[in-house]
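Colleague: Handing you a structure now.
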Amino acid sequence: MKHEKAPGTVDRICVDCHQGLNSEQVAQRVKAGLCNIAPASLSKTTGRIIRDNALTPFNFLFCFLAFCLFSVGSYSDMLFLGVIFFNTLIGIVQELRVKHELEKISLLHVATVTAVRNGQRMDLPAEQLVRDDIVFLRAGNQVPADAQVCEGAPEVNEALLTGEAASVQKQLGDDLMSGSFLVAGTCLARLTRVGEEAYAAQLVREAKKPTRHRSEMMNSLDKLVRCIGILLAPLGICMFLKQFFLLRTGMNYAVTSTVAAVIGMVPEGLYLLTSVAFALGVLILARRRVLVHELSCIENLARVDVVCFDKTGTLTEGAMEVTDVLPAPGLKRDELLPWAAAFLRADESDNPTSRALRTYLASDSAPDWTGGEQIPFSSARKFSARLAPDGMWYVLGAPEYVLPHDAPELASLESALSRGLRVLAFARTTEAPATGKVCDASLLGFFFLADALRPDAHETLEYFYRQGVDVKILSGDHAAAVADIARRAGVRNAERYIDASTLTTEEQLRAAALEYTVFGRLTPGQKRVLIHALQQAGHSVAMTGDGVNDVLALKDADCSIAMATGSDAAQQVAQLVLLDSNFSVMPRIVDEGRRVINNIQRSAALFLIKNIFSFTISLVLLLIAMPYPFVPLQISVFSFFVIGAPGFLLTFEPCYEKVHGRFLRTVLLRALPGGLTCATCILAAMAASAWLNLTTEQLSSLCTLVIAYAGLLALGTVCRPFTPLRATVWGLMCAGYSLAIVLFGPWTGLVPLPAAALGILAGLFALASFLFWLLCRLCTLFTKQRPRCPA
């Protein structure tokens, strides 16, 4: 046993790779803190959730406004504090529920690593590994910590470290970087740096944290709030100074009316609505056994118009079976099968193809070829090879990569390939395929394998087509075979397929991305180029996959979805992981994304109505000698019945249409008719008030009734086309607002109006109806038809 002094208090030990550490050595390293424990969890703590929801700029602003009202004794106008309190409470409770649900599901999805201890292999969580542990890694496994190869010659993909798609062949003594993935072969490796010293925790952190680029919707909200913030302070100060010094309304009214104007200009509920809608979406997906790594994918899901499927594990079940064996001419079946059984017995690859072949070729009498030189399978070369004791190299792989291109046997395979069968050629040669090419191979036979289609594949694909989402199939298998499986699954235009190995330049591949539906013989780098080509053509692309060869495409797609039964690599990179690997849940995922974004866009228009008319009135009042016509309580009642309550209830409405338009432009165009109608009617009411010589209280009452009517009119338009839920929401808000005016009018500052003012009120109602209709018609000229969401 070789010892090597480490910086810590425990010696490094290079133990026998088949024996591993013993229990005492493991205990020493655990005591010394040399465990593979990742840094602190990325999820928010309970304290941070409470702090983030309570200590917000909006809450500070409203507390300051409440203090201003308290200082002048206007206690009844502080009702908005209750709304702020419950909004904050809802945000805290919702985030805590999501945190609990995601942590519970994450515990069921902890990746394990095969370690060698006390001479035995055992599966352990990555956090229980220690420095100097021996781990066994196979194709698809992520290297859990920095390590050194002790046995084997694996091929490793370091794309997440270097950005290069090409795999790297590792030999005895070579370093394995945590965060890389084995794409071929197996190995035993000794962990050299674990925990925070290694790259693994950092790469997992990078893969799981939300994208640094804010989504379009959140960017739009940030811009909106910044603009409001810039205007809010000078407008509020100018309004207060004007009313107190110029109009001499008195301190009490100057403060209350200025606070009302400021409250009206702040979209305090819009961020809450967005956060709650996203949180509910994540919670619903979690209950459907979908693990969400990035919240941003919720919006991306809503905008997807192209879905790229990997064939294996998505259209098919990922399991295969050998359907036939065809020996080469002059060779008997009983001669072929022992050679093939010996080849598979010595090969430690663990994938559906090798498992199907081992099951079919299981034999105790097969020769022992273990320990010989080998070339493991990789998705780039499409074959594996092994040196047998007889001095011959035996090769198993795709026929066109194993046999010469002009081999007559290749022509006989077209019938099998057209039926969707996977064909493997088994051959031997005297020359080692060291350059990645097989030379002068003599055919021993063909193995024919079939994929089993998922029973729900056809129904799921039809859903995407009904929703206007195009489907493309990306695979490393034979193009004709993939096309046949795609056709049987129900992929439209499956006859438009191409062998990607014939596309020699990136320009050809980019052109093919828009022309073809099915792509075969794709390398990992080519999948990535296809994703980029579709994105540059203006498409929002989702990618599903389960293999290491899908990692690059998954990382660059707008929304990436991995199967839990797939490789560790795909699960770490993907934004969503289907924990049950259930393909039929895909429509639910897309539906949830669309429901969230469509409902946010629809409800956000309600929030901006108040902001538009408040800003408009505040700007106009800076130029004319009239007081602001509202008090905070009146704005709070309006916000509850026209914005808050219906906006929250409509968030749950099923709305699965494709998302149209850009968020801020769409929302503003929907809010403009209601906001400008309210502003115009308020200005008309103020003009009529000056003509009729109404009191300040009567003007406030007149304006409150006008915005109530215009606001409910706008809410009714948002609810169209009426469904039972929307009709109920609109009816409840109309009844509730009317009841609040009748029963609590005096408490909110409403006073009886004279007959002349009632006549003006009727005229304002008519003006509001006509103006709202006209503005809606004008806005439709600048926007696409808004989604009509079925019940």
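Colleague: Which ones in the range 137-156 are in a strand (DSSP E or B), more than 24 Å from the chain's Cα centre (by Cα), touching a residue at least 40 places away in the same chain (Cβ under 8 Å) and surrounded by 21 or more Cβ atoms within 10 Å (Cβ to Cβ)?
Modeller: Looking only at the range 137-156, we keep the residues that are in a strand (DSSP E or B), and these are 137-138, 142, 146-152, 155-156.
Checking which are more than 24 Å from the chain's Cα centre (by Cα) leaves us with 137-138, 146-152, 155-156.
With the extra rule that they be touching a residue at least 40 places away in the same chain (Cβ under 8 Å), the set shrinks to 137-138, 146-151, 155.
If the condition is that a residue be in a strand (DSSP E or B), more than 24 Å from the chain's Cα centre (by Cα), touching a residue at least 40 places away in the same chain (Cβ under 8 Å) and surrounded by 21 or more Cβ atoms within 10 Å (Cβ to Cβ), then L137, D146, A147, V149, E155 are the ones that fit.
Colleague: Quick one: which strands (runs of 3 or more DSSP E) lie wholly within the range 296-413 and hold at least 1 residues that are among the aromatic types (F, W, Y) and over 38 Å from the mean Cα position of the chain (by Cα)?
Modeller: 393-397
Colleague: Tell me which of these A380 doesn't satisfy, since it passes every other one: (1) more than 23 Å from D484 (Cβ to Cβ); (2) surrounded by fewer than 15 Cβ atoms within 10 Å (Cβ to Cβ); (3) at pLDDT below 80.
Modeller: Among (1) more than 23 Å from D484 (Cβ to Cβ); (2) surrounded by fewer than 15 Cβ atoms within 10 Å (Cβ to Cβ); (3) at pLDDT below 80, A380 violates only (2).
Colleague: Considering only residues that are modelled with pLDDT of 80 or more and touching a Leu at 6+ places or on another chain (Cβ under 9 Å), look in the range 580-590 and name the one that is surrounded by the fewest Cβ atoms within 10 Å (Cβ to Cβ).
Modeller: Per the stated criteria, the residue is R588.
Colleague: If you check W747 against the conditions, is it buried (at least 16 other Cβ atoms within 10 Å of the Cβ), in contact with a Leu (Cβ under 8 Å, 6 or more places away or on another chain) and in contact (Cβ under 8 Å) with a residue 60 or more places away in the chain?
Modeller: Numbers: buried (at least 16 other Cβ atoms within 10 Å of the Cβ): no; in contact with a Leu (Cβ under 8 Å, 6 or more places away or on another chain): yes; in contact (Cβ under 8 Å) with a residue 60 or more places away in the chain: yes.
Considered against the rule, which asks whether it is buried (at least 16 other Cβ atoms within 10 Å of the Cβ), in contact with a Leu (Cβ under 8 Å, 6 or more places away or on another chain) and in contact (Cβ under 8 Å) with a residue 60 or more places away in the chain, W747 comes out as no.
Colleague: Among the residues of the range 473-488, write down those that are surrounded by fewer than 23 Cβ atoms within 10 Å (Cβ to Cβ) and modelled with pLDDT of 85 or more.
Modeller: A479, R487
Colleague: Filter the range 167-197 down to the residues that are at pLDDT 80 or above and in a loop (DSSP other than H, G, I, E, B), then identify the one that is farthest from G33 (Cα to Cα).
Modeller: Ranking the candidates gives G185 first.
Colleague: Give me the residue from the range 528-558 that is modelled with pLDDT of 90 or more and in a helix (DSSP H, G or I) and, out of that set, farthest from Q142 (Cα to Cα).
Modeller: Looking at residues that are modelled with pLDDT of 90 or more and in a helix (DSSP H, G or I), I get Q536.
Colleague: Sort through L694, L699 and tell me the only one that's surrounded by 21 or more Cβ atoms within 10 Å (Cβ to Cβ), out of contact with any strand residue (DSSP E or B) (no Cβ under 9 Å at 6 or more places or on another chain) and not in a helix (DSSP H, G or I).
Modeller: On the way: L699 fails: not in a helix (DSSP H, G or I).
Exactly one of L694, L699 is surrounded by 21 or more Cβ atoms within 10 Å (Cβ to Cβ), out of contact with any strand residue (DSSP E or B) (no Cβ under 9 Å at 6 or more places or on another chain) and not in a helix (DSSP H, G or I), namely L694.
Colleague: Taking the conditions exactly as written (within 22 Å of T523 (Cα to Cα), surrounded by fewer than 20 Cβ atoms within 10 Å (Cβ to Cβ), in contact with a helix residue (DSSP H, G or I) (Cβ under 9 Å, 6 or more places away or on another chain) and not assigned by TED's automatic domain parsing to the domain that holds K658), does S501 satisfy them or not?
Modeller: On the way: within 22 Å of T523 (Cα to Cα): yes; surrounded by fewer than 20 Cβ atoms within 10 Å (Cβ to Cβ): yes; in contact with a helix residue (DSSP H, G or I) (Cβ under 9 Å, 6 or more places away or on another chain): yes; not assigned by TED's automatic domain parsing to the domain that holds K658: yes.
Here the answer is yes, as S501 does meet what is asked.
Colleague: Continuing with this model, one more query. Within the group V113, V83, V143, which residue is over 24 Å from R289 (Cα atoms) and at pLDDT 80 or above? Please lay out each step first, then the result.
Modeller: Values: V113 fails: over 24 Å from R289 (Cα atoms); V83 fails: at pLDDT 80 or above.
V143 is the lone residue from the list that is over 24 Å from R289 (Cα atoms) and at pLDDT 80 or above.
Colleague: I need the full set of residues from the range 135-155 which are in contact with a Leu (Cβ under 6 Å, 6 or more places away or on another chain) and of a type in the set (A, V, I, L, M), in order please.
Modeller: The answer is L137, A139, V143, A145, A147, V149.
Colleague: Tell me, which residue of the range 559-571 that is within 13 Å of the chain's Cα centre (by Cα) and over 22 Å from R466 (Cβ atoms) is modelled with the highest pLDDT?
Modeller: Restricting attention to the range 559-571, the residues satisfying the condition of being within 13 Å of the chain's Cα centre (by Cα) are 559-562, 571.
The next check asks that each one be over 22 Å from R466 (Cβ atoms); those that pass are 560, 562, 571.
Working: S560: 88, A562: 84, Q571: 73.
Among residues in the range 559-571 that are within 13 Å of the chain's Cα centre (by Cα) and over 22 Å from R466 (Cβ atoms), the one modelled with the highest pLDDT is S560.
Colleague: For the range 222-248, enumerate the residues that are modelled with pLDDT under 75 and not in a helix (DSSP H, G or I).
Modeller: L247
Colleague: Pick from the range 710-744 the residues that are farther than 13 Å from V637 by Cα and among the hydroxyl-bearing types (S, T, Y): which of them is surrounded by the fewest Cβ atoms within 10 Å (Cβ to Cβ)?
Modeller: Among residues in the range 710-744 that are farther than 13 Å from V637 by Cα and among the hydroxyl-bearing types (S, T, Y), the one surrounded by the fewest Cβ atoms within 10 Å (Cβ to Cβ) is T728.
Colleague: What are the residue pairs meeting all of these: first residue in the range 167-181, first residue without any contact (Cβ under 8 Å) to a residue 24 or more places away in the chain, second residue among the basic types (K, R), Cβ atoms under 8 Å, and 6 or more apart or on different chains?
Modeller: Listed by first residue and then by second, the contacts come to nothing, as the list is empty.
Colleague: How many residues are of a type in the set (S, T, Y) and within 27 Å of L715 (Cβ to Cβ) when one looks only at the range 677-700? Don't jump to the end; show me each part of the working.
Modeller: Initially, the range 677-700 is screened for residues of a type in the set (S, T, Y), giving 677, 680, 689, 695-696, 700.
Those still in the list that are within 27 Å of L715 (Cβ to Cβ) too: 677, 680, 689, 700.
Selection size over the range 677-700: 4.
Colleague: Another question, if that's okay. On the given criteria, is S275 hydroxyl-bearing (S, T, Y), modelled with pLDDT under 70 and in contact with a Ser or Thr (Cβ under 7 Å, 6 or more places away or on another chain)? Walk me through how you get there before you give the answer.
Modeller: On the way: hydroxyl-bearing (S, T, Y): yes; modelled with pLDDT under 70: yes; in contact with a Ser or Thr (Cβ under 7 Å, 6 or more places away or on another chain): no.
No, not satisfied.
Here is a yes/no grid of residues against (1) in a loop (DSSP other than H, G, I, E, B); (2) acidic (D, E):
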{"position": "D440", "(1), (2)": "yes, yes"}
{"position": "L444", "(1), (2)": "no, no"}
{"position": "F448", "(1), (2)": "no, no"}
{"position": "E462", "(1), (2)": "no, yes"}
{"position": "K472", "(1), (2)": "no, no"}
{"position": "V482", "(1), (2)": "no, no"}
{"position": "R487", "(1), (2)": "no, no"}
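The values are calculated or read from the model by the stated rules, or taken from the named source; none is laboratory data. These numbers come from a predicted model, not from an experiment. Neighbour counts are summed over all protein chains in view; Cβ atoms, including those assigned to glycine, are modelled from backbone coordinates with ideal geometry.
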